[in-house]
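The values are calculated or read from the model by the stated rules, or taken from the named source; none is laboratory data. Worth saying up front: this structure is predicted, and the values here are computed from it rather than measured. A quick note on method: Cβ atoms are made from the backbone with ideal geometry, for glycine too, and the neighbour counts reach across all protein chains shown.
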Amino acid sequence: MSTAGTAVRFARELRDICGAGHVVEDAARLEGARIFGVIPALAVEPASSEEIAAILRFANEHGLNVVPTGGFTWQQTGSAPESVDVLLYTSRLAEVEHYDPGDLTVGVGAGCTVAQLASMVRRDGLLYAADPQLPERTTVGGLLATGVTGPLRHAYGGLRDYCIGIRFVTGDGRRGKGGGRVVKNVAGYDMMKLLIGSWGTLAIITGASFKLFPAPRQTKTFIAGFATSAEAISYRNLVLRSPLSPICLELVSPEAAAALSGSNAAGAWSLHVRATGSDAVLARYRSELGSAISQELEGTAEDERWRAVADFPHTVSQQHPDCLLVALWLALADVQPVLEDLQSVAAGNQLAVAAVGRVGVGHLLAALWPASPRAELVAAASALCERLPADSSMAVLRRPGDAARACVRRTPTDVDSMRAVKQALDPKDILNRGRFSL
Amino acid sequence: MSLPAVISDLRRIAGHDAVLDRPEDLMLYEYDGGVRKSTPGAVVFPQTAQHVSRIMRAASAARIPVVARGAGTGLSGGAISQAGGIVIAFSRMNRILEVDVENLRAVVQPGVVNLQLSEYVSHLGLYFAPDPSSQKACTIGGNVAENSGGPHTLLHGVTVNHVTGVEVVLPNGEIVHFGGKAAESAGYDLTGFFVGSEGTIGIATAITVRLLRKPEQVATLLGIFESVDDAARTVSAITSVGITPAALEMLDGWTLRTIEAFCHAGYPLDAGAVLLIEVEGLREAVEEQAIAVREVCLAQKARDVRRARNEEERALLWKGRKMAFAALGRVSPSYYTQDGVVPRSKIPAVLQHIGDVGRKYDLVIGNVFHAGDGNLHPLILFDMRDAGQFQRVLAASEDILQYCINVGGSITGEHGVGMEKRDMMPHLFSDEELDVMIGLRNVFNGNQILNPEKMLPVPRMCREISGPSRNAVLAQEGM
């Protein structure tokens with residue numbers, strides 16, 4: 001851990017790199033950016049990839065731990081860092097690098113917020129398909145680093161499917177690039193895939209390019225309610241086997257519905273089916289979806305509902321500050337058994353559980369929080385992880401400060417290969433040291 | 001260890017009849033769909049991942065380079081061996097291991113032919129979306145190596161968007177898994193990183209792919225234009241009315257006449273260009289989109305827009321497109337296919353430039369390409385026996401690709417860099433950017449046993465290996 005004295009000495013050198021006004025030493029501001037109680041020694045706001053490369057080379061020389069951040073929305077994750085020597089904001093890398101609506105592509109700096117990007121392209125009738133929580137705060141760099149998106153994942157794919165180029169600085173201070181500005185491109189290694197969801201452990205993302213889509217002109221959301229998750233998943237199967245191709249297919253658990261509406265009364269399980277098309281197309285959805293539909297939403301009410309679903313992680317964390325939030329990726333047939341495990345593990349450990357999920361692609365976000373003083377959050381996370389079927393993935397996205405041992409993760413991917421990749425890009429373990437063990 | 005000793009090893013591993021080493025047999029493996037040649041020292045046909053693992057260990061120990069090969073349809077030299085190297089051919093690992101209807105996945109061996117998988121699951125109402133023009137012959141292992149595309153990638157994406165897991169044999173012989181049946185996996189997305197790595201970091205021995213449900217309805221339209229300019233402008237006009245076609249292909253007048261003479265697909269002989277446009281989905285949506293597409297074409301001065309009335313007519317229109325390369329083979333002893341990409345708004349300008357290049361180098365260049373995503377396939381005709389002409393072909397290709405780079409595009413959209421565009425990589429990436437990629441390759445393939453001198457530019461490969469190796473033992477042995 002660096003002492004106040006060394007921090008002051010480093011501040012002088014970092015000021016030479018970023019300019020005097022862009023090294024933050026203000027105690028109150030640093031205090032507000034603490035991660036599990038660890039207050040950053042200082043923060044920097046570089047304006048270019050050259051500056052970031054210089055900062056990282058400097059950090060390599062001095063063995064400093066650098067934590068990159070965008071909107072600071074997913075920092076309550078992983079293990080507590082031993083120290084945060086340099087908190088690195090990407091907010092000044094916010095320029096639009098290229099944009100021609102006719103090309104259906106856009107490139108921006110990592111500090112651009114999702115809301116800025118989405119509203120810019122929306123004016124030209126286009127859709128930026130990532131719909132994470134808190135788009136006003138979430139930056140494009142943070143979005144890519146965490147890989148956490150929202151309900152539109154169902155139809156438009158994940159960031160891995162529409163991020164077409166990425167610019168970054170590796171942990172050891174080299175400026176790298178993958179892809180480019182065109183929608184189809186196989187020149188060189190696919191660096192986009194490697195950095196999406198890498199949680200700032202390999203490189204600092206400085207900019208990215210994306211494929212855009214024509215924005216839906218008319219949408220409607222059909223909601224079906226069910227007494228059990230099993231019934232909801234059976235209905236999902238009917239929708240998946242039908243000719244329908246909704247843009248969202250979202251499961252909302254009773255407790256999640258309560259959290260989203262701010263009420264205490266947990267109602268039913270529901271499946272939200274969002275469709276786009278002409279009146280004739282929407283009429284076809286209504287007839288295919290049948291009598292299970294109990295509610296239809298459109299216009300502002302529909303937009304607000306989807307905003308609320310996308311904001312679920314934030315909302316539930318506000319309401320239950322002691323919650324643990326996990327992301328699960330499952331084969332389609334495993335969704336129902338895992339939902340049952342989730343409920344039984346929660347009940348067995350005196351926890352409440354709320355879940356939403358893109359169940360058409362096997363993705364769930366679940367929040368668990370203590371329902372009694374005897375609750376066992378850590379035991380529940382481990383038990384859930386152990387019960388997962390083969391090929392499943394689980395990652396803890398957020399944990400309360402006192403549940404460090406709940407940082408379990410599971411993946412079918414070879415971990416030695418991951419370690420080797422980390423070693424190739426960040427050999428001195430400068431980025432997010434100690435937070436995400438491989 | 002010498003090659004003959006390794007060949008006996010290979011026979012012990014894969015079986016006596018599973019190794020070729022006679023010159024007349026090796027000749028068949030000295031080329032791919034591109035224009036370069038190199039004769040391997042041996043070809044081995046493994047039947048299991050264990051075989052591949054043991055072959056890799058034997059080759060690593062003998063320091064003989066290895067390349068994996070599917071059907072050899074690639075156009076960038078990706079499956080061509082080093083002279084005297086070992087080709088691992090996957091024609092005996094061609095089984096569909098599992099079709100998991102509930103999870104919409106199939107697990108296949110790398111030698112499964114692309115179209116065979118779609119045919120195999122067709123009765124279930126499913127298909128595998130990536131559809132390269134060579135899909136009757138090319139293998140899914142090869143598709144994974146090159147991250148192949150095809151006409152329908154406009155809506156559904158390229159191979160990487162359809163692969164969720166791979167079993168991989170690393171150069172040190174270790175068998176590892178990246179991803180699985182779930183759509184994504186926690187940790188680094190090594191599945192996504194592996195797809196398109198052109199056989200330079202490992203060899204896939206089992207691949208888990210997504211299967212899609214066939215759409216309820218498909219409409220296939222042929223827009224007929226007086227000029228390539230009008231057709232090119234139509235491409236952007238279609239998406240500006242909110243439609244993403246499943247496919248949007250363009251053929252210029254010269255190419256469509258050549259195809260028509262070959263297979264009578266029904267293209268009008270006097271057109272300047274045609275667009276082959278397909279929309280798919282829910283019946284109601286498809287009908288509306290077909291009408292909208294027709295209106296857009298007519299507004300962009302299309303002479304006529306025809307719609308396939310049945311499956312036979314649809315198949316015929318597509319046959320013309322997919323036979324384009326074969327048709328050219330009838331009018332020219334050789335042709336060279338390029339794979340540049342430009343932002344879609346630059347299509348009219350790049351076609352103009354290709355016309356200028358043809359005149360400048362005195363070459364006939366046809367254009368058949370994936371217009372919807374700006375992926376060009378200029379086809380340059382030549383006669384390999386005319387060395388001077390071949391040099392002009394290479395110069396013309398480089399000129400076209402440089403233009404693609406200058407307008408913000410790329411040198412390859414779906415065929416890969418391989419050998420042929422390797423030396424253009426520095427036009428697209430800085431030394432430092434290439435250095436990052438080389439470091440990552442060296443993590444898995446530090447000794448360049450696997451597909452050496454592909455994708456990343458050669459002069460850099462003579463440098464000392466930078467970065468750590470995944471396998472400390474191999475590194476210590478200095479192999």
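When A:VAL326 is tested against (1) among the aliphatic types (A, V, I, L, M); (2) assigned to a helix (DSSP H, G or I); (3) farther than 29 Å from B:GLU216 by Cβ; (4) in contact with a strand residue (DSSP E or B) (Cβ under 8 Å, 6 or more places away or on another chain), just one condition goes unmet, and that condition is (2).
State whether one or more residues within the range B:324-342 are closer than 15 Å to B:VAL228 by Cβ and within 14 Å of chain A (Cβ to nearest Cβ). Yes, the range B:324-342 contains a residue that is closer than 15 Å to B:VAL228 by Cβ and within 14 Å of chain A (Cβ to nearest Cβ). Residues that are in a helix (DSSP H, G or I) and of a type outside the set (A, V, I, L, M, F, W, C) were ranked within the range B:430-457; the one that is nearest to B:GLY84 (Cα to Cα) is B:ASN445. The single condition from (1) within 21 Å of the chain's Cα centre (by Cα); (2) among the hydroxyl-bearing types (Ser, Thr, Tyr); (3) in a loop (DSSP other than H, G, I, E, B) that A:THR315 fails is (3). Of everything in the range A:37-64 that is over 30 Å from A:ALA367 (Cα atoms) and part of a loop (DSSP other than H, G, I, E, B), the residue that is farthest from the chain's Cα centre (by Cα) is A:GLY63. Residue-level check: of (1) among the aliphatic types (A, V, I, L, M); (2) farther than 28 Å from A:LYS184 by Cα; (3) buried (at least 20 other Cβ atoms within 10 Å of the Cβ), B:VAL331 misses just (3). Elements of the type strands (runs of 3 or more DSSP E) sitting completely within the range A:162-249 and holding at least 3 residues that are closer than 25 Å to B:THR191 by Cβ, of a type in the set (A, V, I, L, M) and at the interface with another protein chain (Cβ under 10 Å from one of its Cβ atoms): there are none. The criterion of at least 3 residues that are under 17 Å from A:LEU159 (Cα atoms) and within 8 Å of chain A (Cβ to nearest Cβ) is met by the following helices (runs of 4 or more DSSP H) wholly inside the range B:127-201: B:190-194. Within the range A:273-312, restricting attention to residues that are of a type in the set (S, T, N, Q) and over 26 Å from the mean Cα position of the chain (by Cα), the residue that is nearest to the other protein chains (Cβ to nearest Cβ) is A:SER278. Sort out which residues of the range B:204-234 are within 10 Å of chain A (Cβ to nearest Cβ) and buried (at least 24 other Cβ atoms within 10 Å of the Cβ), and write them in order of number. Once the filter is applied, which keeps residues that are within 10 Å of chain A (Cβ to nearest Cβ) and buried (at least 24 other Cβ atoms within 10 Å of the Cβ), the range B:204-234 yields only B:THR208. Filtering the range A:229-254 to residues that are crowded, with 21+ Cβ neighbours inside 10 Å, more than 17 Å from B:LEU104 (Cβ to Cβ), more than 23 Å from the chain's Cα centre (by Cα) and aliphatic (A, V, I, L, M) leaves only A:ALA232. Just for the range B:375-423: of the residues that are in contact with a Pro (Cβ under 6 Å, 6 or more places away or on another chain) and free of Cβ contacts under 8 Å to residues at least 60 places away in the same chain, which one is nearest to B:THR153 (Cα to Cα)? Looking at the filtered set, the residue picked out is B:ARG422. Within the range A:385-392, not a single residue is hydrophobic (A, V, I, L, M, F, W, C) and surrounded by 22 or more Cβ atoms within 10 Å (Cβ to Cβ). Of all residues in the range B:88-103, exactly one satisfies the criterion of being surrounded by 24 or more Cβ atoms within 10 Å (Cβ to Cβ) and either β-branched (Val, Ile, Thr) or at positive phi (or both), namely B:ILE88. The numbered conditions (1) aliphatic (A, V, I, L, M); (2) within 8 Å of chain A (Cβ to nearest Cβ); (3) more than 22 Å from B:ASN143 (Cβ to Cβ) are all true for B:LEU440 except (3).
Counted as qualifying within the range B:1-67 are the helices (runs of 4 or more DSSP H) with 1 or more residues that are under 28 Å from the mean Cα position of the chain (by Cα), namely B:23-26, B:49-62. In the range B:285-294, is there at least one residue being in contact with a Phe, Trp or Tyr (Cβ under 9 Å, 6 or more places away or on another chain) and among the hydrophobic types (A, V, I, L, M, F, W, C)? No, that holds for no residue. Name the single residue that is nearest to the other protein chains (Cβ to nearest Cβ) among those in the range A:104-156 being farther than 25 Å from B:VAL241 by Cα and of a type in the set (D, E, K, R). Once the filter is applied, the top-ranked residue is A:ARG137.
Residue pairs whose Cβ atoms lie under 6 Å apart, separated by 6 or more positions or on different chains, with the first residue in the range A:85-100 and hydrophobic (A, V, I, L, M, F, W, C) and the second assigned to a loop (DSSP other than H, G, I, E, B), are A:VAL86/A:LEU64; A:LEU87/A:ALA33; A:LEU87/A:PRO40; A:LEU93/A:ALA110; A:LEU93/A:GLY111; A:ALA94/A:GLY111; A:ALA94/A:CYS112. Might you let me know whether the range B:190-202 holds any residue that is closer than 24 Å to B:LEU124 by Cα and either at pLDDT 95 or above or touching a Gly at 6+ places or on another chain (Cβ under 7 Å) (or both)? No, there is no match, as no residue in the range B:190-202 is closer than 24 Å to B:LEU124 by Cα and either at pLDDT 95 or above or touching a Gly at 6+ places or on another chain (Cβ under 7 Å) (or both).
Counting only residues that are more than 7 Å from chain A (Cβ to nearest Cβ) and hydrophobic (A, V, I, L, M, F, W, C), the range B:410-424 holds 2 of them.
Count of the range B:279-313 residues, restricted to those that are in contact with a Lys or Arg (Cβ under 8 Å, 6 or more places away or on another chain) and either closer than 17 Å to B:ALA231 by Cβ or in contact (Cβ under 8 Å) with a residue 60 or more places away in the chain (or both), is 8.
Scan the range B:282-291 and tell me whether some residue there is of a type in the set (Val, Ile, Thr) and either under 30 Å from B:SER332 (Cα atoms) or in contact with a helix residue (DSSP H, G or I) (Cβ under 6 Å, 6 or more places away or on another chain) (or both). Looking through the range B:282-291, none of the residues is of a type in the set (Val, Ile, Thr) and either under 30 Å from B:SER332 (Cα atoms) or in contact with a helix residue (DSSP H, G or I) (Cβ under 6 Å, 6 or more places away or on another chain) (or both).
Scanning the range B:324-345 for residues that are in a helix (DSSP H, G or I) and in contact with a helix residue (DSSP H, G or I) (Cβ under 8 Å, 6 or more places away or on another chain) turns up B:ALA324, B:ALA326, B:ALA327, B:LEU328, B:ARG330, B:VAL331, B:ARG344, B:SER345. Here the condition is being crowded, with 19+ Cβ neighbours inside 10 Å and in contact with a Ser or Thr (Cβ under 8 Å, 6 or more places away or on another chain); of B:LEU376, B:LEU381, it holds for B:LEU381 alone. When the range B:128-168 is limited to residues that are touching a residue at least 60 places away in the same chain (Cβ under 8 Å) and farther than 22 Å from B:THR73 by Cβ, the one that is surrounded by the fewest Cβ atoms within 10 Å (Cβ to Cβ) turns out to be B:LEU155. Here B:PRO245 passes the criteria (1) modelled with pLDDT under 90; (2) within 23 Å of B:PRO215 (Cβ to Cβ); (3) within 25 Å of the chain's Cα centre (by Cα) except the one numbered (1).
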